[in-house]
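Below: one structure, written as C-alpha cells.
FYI, it's all coordinate maths here, none of it is from the lab. The model shown is predicted, which means the values in this text are computed figures rather than measured ones. FYI the Cβ positions are ideal-geometry reconstructions off the backbone, even for glycines, and counts take in every protein chain you see.
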Amino acid sequence: ICEQNMIGVGIGVSCRDRTVAFASTFSAFLTRAFDNLRMGVISQTNINVVGSHAGISIGEDGPSQMALEDLAMFQSLPGCTVFYPSDAVATERATELAANTRGICFIRVGRPAVPIVYDNEETFAIGKAKIVRKSDDDKVLVVAAGITLVEALKAADQLKEQGVNVRVLDPFTIKPFDFQAVQENAAACGGRVVTVEDHYPEGGMGDAVLSALATVRNTVVKKLAVNSLPRSGPPAALLEMFGISATHIVRACNDIVKL
C-alpha cells in the first residue's frame with residue numbers, strides 16, 4: 001500500500017512540466033498521501049489525481065474503502081481544482097481539462113455504472129455548472145453530482161407526477177464552485193434548495209452551496225448527506241439507508257416546499 005510513494009513519484013515526474021502526470025487509486029486511500037499533496041502545493045506541482053470508488057455507493061466493499069471526506073480534503077488545498085463529473089462524457093471532459101490546468105487537480109469518480117446524461121458534444125468549463133432539468137414553474141433547486149445526480153433525476157420524475165416541478169443542477173466542479181448559477185437558480189425556485197451528496201456533510205458539496213448562498217436573503221437549504229458511519233451492503237440499499245436516495249430527495253423537496 002504505497003499511495004504516498006505514488007503521489008511522490010507523480011509530483012517528481014511532473015516537475016518543471018516534464019510530463020502530464022495522473023495518479024489514480026481508491027479515493028479513500030489518498031488520505032495516506034495528503035502530506036505529499038500538501039507539500040506539493042508549496043512546490044507548485046501540476047499533478048492530477050483521480051480518486052475512484054467514492055462514497056457509500058461502492059456497496060459491498062465496506063466503510064474502510066468508502067471515501068466520504070475526500071472533497072473536504074482536496075478543497076482545503078490552495079489552488080486545487082476539484083472535479084466531480086456525473087457521467088462518462090463529463091469525466092472525459094474533466095480529464096482533458098485537468099491535463100491542461102496548472103496546479104493540483106482532483107477528479108472524483110464512483111464505482112457504479114451510471115446513465116449517460118450528456119451528449120458527446122457537450123462542452124464543459126471549470127467553475128461552470130450544468131442545469132439538467134428545468135421548467136418555468138420550479139419550486140425547488142436540487143444540487144447533486146455523481147451517483148446522487150442519478151437519484152435526483154429519478155426524484156424529479158416522481159415529483160413531477162405529484163405536480164411539483166424541481167430544477168436539477170450539476171456543479172461539475174466543486175472548486176471553483178459556480179456561485180452565480182446556484183444563486184440565480186435558487187432565486188428562480190423561490191429560495192428553496194436541497195443538496196444531496198455521497199459524502200459526509202462536513203466540507204462537501206452542500207457546504208459549497210451554503211457558501212454560495214451565505215449572503216443571499218430569503219433562502220433555505222436542506223442538506224442530504226451521509227450523516228453516520230456507513231456499513232457494507234448493496235449500493236441501492238445503502239443509498240436508502242443513509243438518506244441520499246431518490247425517496248429521501250422527494251421527501252426533502254416536499255418538506256421544503258411547505259416552509
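Order 119-126, 243-250, 174-181 from most to least packed using the mean count of other Cβ atoms within 10 Å.
Packing proxy ranking, top to bottom: 243-250, 174-181, 119-126.
Name the long-range amide H neighbours of Ile107: under 5 Å, sequence gap of 5 or more, or other chain; modelled H, no Pro or chain starts.
Val49, Val50, Gly51, Phe83
Taking a ≥ b ≥ c as the square roots of the Cα gyration tensor eigenvalues, with a/c under 1.5 meaning rounded and otherwise prolate when a/b beats b/c, else oblate, which class fits the stretch 41-115?
Oblate, because a/c is 1.5 or more while a/b does not exceed b/c.
For Val143, what residues show an amide H to amide H distance below 5 Å, using hydrogens built from the backbone and excluding near sequence neighbours?
For Val143, whose amide H was placed from the backbone, the distant partners under 5 Å are Leu169, Val194, Thr195, Val196.
Report ³J(HN,Hα) in whole Hz for each residue of the stretch 207-215, in order, from the Karplus equation J = 6.51 cos²θ - 1.76 cosθ + 1.60 where θ = phi - 60°; Gly and Pro get x.
Those phi angles translate into 5, 5, 5, 4, 5, 5, 9, 4, 9 Hz.
Considering the Cα positions of the stretch 160-222, please state its Rg to one decimal place and its Dmax as a whole number of Å.
My reading of the Cα-based Rg and Dmax gives 11.8, 35 Å.
With the crude spin-label approximation of a point 7 Å out along Cα→Cβ, what separation in nm comes out for Val114 versus Asp136?
Using points 7 Å along Cα→Cβ, the separation is 3.1 nm.
In sequence order, what are the phi-derived ³J(HN,Hα) couplings for the stretch 32-38 according to the Karplus relation 6.51 cos²θ - 1.76 cosθ + 1.60 with θ = phi - 60°, rounded to whole Hz, with x for glycine and proline?
5, 9, 4, 4, 5, 5, 4
Give the percent of DSSP beta bridges with both residues in the stretch 122-180 that are antiparallel, rounded to the nearest 5.
40
Order these peptides, 95-103, 161-169, by their mean beta-carbon neighbour count within 10 angstrom, highest first. Mind dumping the intermediate values first?
On the way: 95-103: 15.3, 161-169: 17.9.
Going from most to least packed, we get 161-169, 95-103.
Can you give me the orientation-averaged projected area of the convex hull built on the Cα atoms of the stretch 48-165, in nm²? Numbers along the way, then the final one.
Working: hull surface 34.6 nm².
The Cα convex hull of the stretch 48-165, projected and averaged over all directions, gives 8.6 nm².
Whole-Hz ³J(HN,Hα) for each residue in the stretch 152-167, computed from phi via Karplus 6.51 cos²θ - 1.76 cosθ + 1.60 with θ = phi - 60°, x for glycine and proline: what do you get?
5, 5, 4, 5, 4, 5, 5, 5, 4, 5, 8, x, 10, 8, 10, 9
Compute the acute angle (0 to 90°) between the alpha-carbon long axis of helix 3-13 and the principal axis of greatest extent of the alpha-carbon atoms of the chain; round to the nearest 10°.
70
Given that just one value was derived from the coordinates, which of [x] 11; [y] 29; [z] 52 is percent of Cα pairs over 36 Å apart?
Checking each listed value against the structure points to [x].
Is the C-alpha gyration tensor of the stretch 124-246 telling us rounded, prolate or oblate? Criteria: a/c under 1.5 is rounded; beyond that, a/b larger than b/c is prolate, otherwise oblate.
It is oblate, given that a/c is not under 1.5 and a/b is not larger than b/c.
Kindly provide the GluC sites (Glu not before Pro) of the stretch 173-227 that DSSP labels as loop, not H, G, I, E or B, and whose Cβ sees at most 13 other Cβ atoms within 10 Å.
Working: sites: Glu184, Glu197, Glu202; in loops: Glu197, Glu202.
Filter output for the stretch 173-227: Glu202.
Amide H neighbours of Asn165 under 5 Å, counting only residues 5+ apart in sequence or on other chains, H built in-plane at 1.01 Å?
Lys139
Would you mind classifying the stretch 105-185 by shape? Square roots of the alpha carbon gyration tensor eigenvalues, ordered a ≥ b ≥ c; an a/c under 1.5 is rounded, otherwise it is prolate if a/b is larger than b/c and oblate if not.
Taking the square roots of the gyration eigenvalues as a ≥ b ≥ c, the stretch 105-185 is oblate.
Using a Förster distance of 51 Å, how high is the FRET efficiency between Val220 and Arg18, based on the Cβ-Cβ distance and rounded to 0.05? Don't skip to the end; give the middle numbers.
Details: r = 50 Å, r/R0 = 0.98.
Efficiency for this residue pair is about 0.55.
State, as an integer percentage, the relative contact order of the chain based on alpha-carbon contacts under 8 Å between residues 6 or more apart.
Averaging sequence separation for qualifying contacts and normalising by length gives 19 percent for the chain.
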